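First up is the structure itself, then whatever we jot down about it.
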Amino acid sequence: MSAATLYNRDILRLAASLEDGEPLAPPAGHAERRSPTCGSRVTLWVTRGADGRIAQISADIASCALGQASAAILLRAAEGRQAGAIAEARQAMAAYLSGAGGEPPFADATLFGPARDYPARHPAILLPYDALLAALADGEDAA
């Protein structure tokens with residue numbers, strides 16, 4: 001499989017759709033996660049409503065196109081969800097990428113099908129999930 005299949009037009013479009021986010025004011029949860037393999041960095045701020053659901057997310061992403069596309073999908077889908085749903089989505093995405101699971105957690109995530117053949121790229125795709133889960137945990141600690 002070629003890199004052109006992996007970095008296809010739809011992945012590149014999603015990656016380009018990300019906008020730089022600004023830090024959210026406290027008591028927003030905050031986390032930064034880096035990939036030791038490729039150097040990608042994902043920084044997220046998140047607030048929750050009284051019901052515990054994600055109310056607002058802001059992100060600063062310095063990653064490859066796969067990480068950026070993954071962040072774009074996750075950021076659109078995460079608002080209004082509980083932390084447990086994000087953890088389940090991360091597990092589902094990891095299973096999908098490894099070939100051990102069925103459909104990915106969000107419809108657009110099927111675009112990562114070609115990445116199944118590139119296990120070294122899986123951490124970049126999962127990095128936004130890890131950062132969001134850490135930001136949610138940080139927000140719990142601040143509350």
Worksheet entry | For residue 96: the one exception among (1) among the hydroxyl-bearing types (Ser, Thr, Tyr); (2) in contact with a Gly (Cβ under 8 Å, 6 or more places away or on another chain); (3) at pLDDT below 95 | (3)
Practice prompt. Confirm whether residue 107 is of a type in the set (A, V, I, L, M, F, W, C), surrounded by fewer than 18 Cβ atoms within 10 Å (Cβ to Cβ) and modelled with pLDDT of 95 or more.
Written response: no
Discussion item. Any residue that is over 13 Å from the mean Cα position of the chain (by Cα), free of Cβ contacts under 8 Å to residues at least 60 places away in the same chain and surrounded by fewer than 18 Cβ atoms within 10 Å (Cβ to Cβ) - is there at least one of those in the range 57-76?
Written reply: no
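Here's the yes/no breakdown for (1) closer than 15 Å to residue 134 by Cα; (2) basic (Lys, Arg):
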site	(1), (2)
21	no, no
29	yes, no
42	yes, no
73	no, no
76	no, yes
82	yes, no
Worksheet item: Among the residues of the range 19-78, how many are part of a loop (DSSP other than H, G, I, E, B), within 20 Å of residue 123 (Cα to Cα) and of a type outside the set (S, T, N, Q)?
Response: 4
Worksheet, complete the sentence: Checked 41, 53 against criteria (among the charged types (D, E, K, R), more than 19 Å from residue 8 (Cβ to Cβ), surrounded by fewer than 17 Cβ atoms within 10 Å (Cβ to Cβ) and touching a strand residue (DSSP E or B) at 6+ places or on another chain (Cβ under 8 Å)); the one match is 41
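The values are calculated or read from the model by the stated rules, or taken from the named source; none is laboratory data. In this text, all values refer to a predicted model and were calculated from it rather than measured experimentally. A quick note on method: Cβ atoms are made from the backbone with ideal geometry, for glycine too, and the neighbour counts reach across all protein chains shown.
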